[in-house]
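Peer 1: Here it is, the structure in full.
The values are calculated or read from the model by the stated rules, or taken from the named source; none is laboratory data. Note that the coordinates shown come from a computational prediction; the quantities given were computed from them, not determined experimentally. These accessible areas exclude ligands, DNA and RNA; they are computed on the full protein's heavy atoms, side chains included. Shrake-Rupley method; radii C 1.70, N 1.55, O 1.52, S 1.80 Å.
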Amino acid sequence: LVFVRPSLNVVRNAEGQWNLESLRRVAGSPAAGVDSFTGNSASRDKSFHPLPGIQITGGRINFKSENRKKVYVIDALDMKIAPPSSTSEPWRLSFEGRPNRTDFLLNPASRFQGQAEFGPFSPGIRTEAGTLAHLDLSAGNALVGELLKVFTGNDHGVHGSLTFHLHLAGTTSLLRLSGSADLRDLHRWDRLPPPAASLLHGTWS
């Protein structure tokens, strides 16, 4: 399935549940056939019905709390979603998109890339521990001024570029974060960057 410029809503209800959690129920009953992204034959579980691969081009993700939309969005989204071919396999997705906000005119150039896996959703896995998950998120030479405008809603007059890689792994109940970041040429709007390239480097785990 290919969707061109769709608008998707990620919603958290009053009980704290996300609408994406319904994928757990869908993945618990899928089946085998041929993986639509890799072409590999899946296990022949007759109770497992195959789902097609999904591709999104130029999409947009809105975030909502109950019926109230947040100002944060992800636009210019390109994504591929590969559903599992058996209950022992995860959902896999890769994406590239641009963080933005809706409460003032902003056309950022910085884009984030990522890959993620969620599951498997096998009945044999204890639900109390959460769902197995990992997520890799990265950006190269993202503009610091743009990112501050997106996340704070204000222009702080700070310029520079940010390259980072984040890795989240564990379960949805307990995720571990590791990563690294390079911050280059950080300066105020009324100052030129230093003649020798400045670099702030950090790692965490």
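Peer 1: Ignoring ligands, DNA and RNA, how do Trp18, Trp189, Trp91 rank by accessible area with a 1.4 Å probe, largest first?
Peer 2: Sorted descending by solvent-accessible area, the residues read Trp189, Trp18, Trp91.
Peer 1: Taking θ = phi - 60°, what integer Hz values does the Karplus form 6.51 cos²θ - 1.76 cosθ + 1.60 yield along the stretch 145-159, in sequence order, with x for Gly and Pro?
Peer 2: Each residue's phi maps through the Karplus curve to give x, 5, 4, 5, 4, 5, 8, 10, x, 9, 8, 8, x, 10, 10 Hz.
Peer 1: Ok, one more. Shape call for the stretch 64-120 from the C-alpha gyration tensor, a ≥ b ≥ c root eigenvalues: rounded (a/c under 1.5), prolate (a/b greater than b/c) or oblate?
Peer 2: Oblate shape, in that a/c is at least 1.5 and b/c is the bigger or equal ratio.
Peer 1: Rounded to the nearest 10 Å², what accessible area does Ile74 show when all protein chains are kept and the probe is 1.4 Å?
Peer 2: Rounded to the nearest 10, the figure is 50 Å².
Peer 1: Based on the alpha-carbon gyration tensor of the stretch 140-205 and its eigenvalue square roots a ≥ b ≥ c, which shape applies: rounded if a/c is under 1.5, prolate if not and a/b is larger than b/c, or oblate?
Peer 2: oblate
Peer 1: On to the next question. As a test of reading the structure, rank Glu15, Glu96, Glu66 by solvent-accessible area (1.4 Å probe, protein chains only), most first.
Peer 2: The residues order as Glu15, Glu66, Glu96, largest area first.
Peer 1: Please calculate the 1.4 Å probe accessible area of Val71, with all protein chains present, and give it to the nearest 10 Å².
Peer 2: Approximately 50 Å² for this residue.
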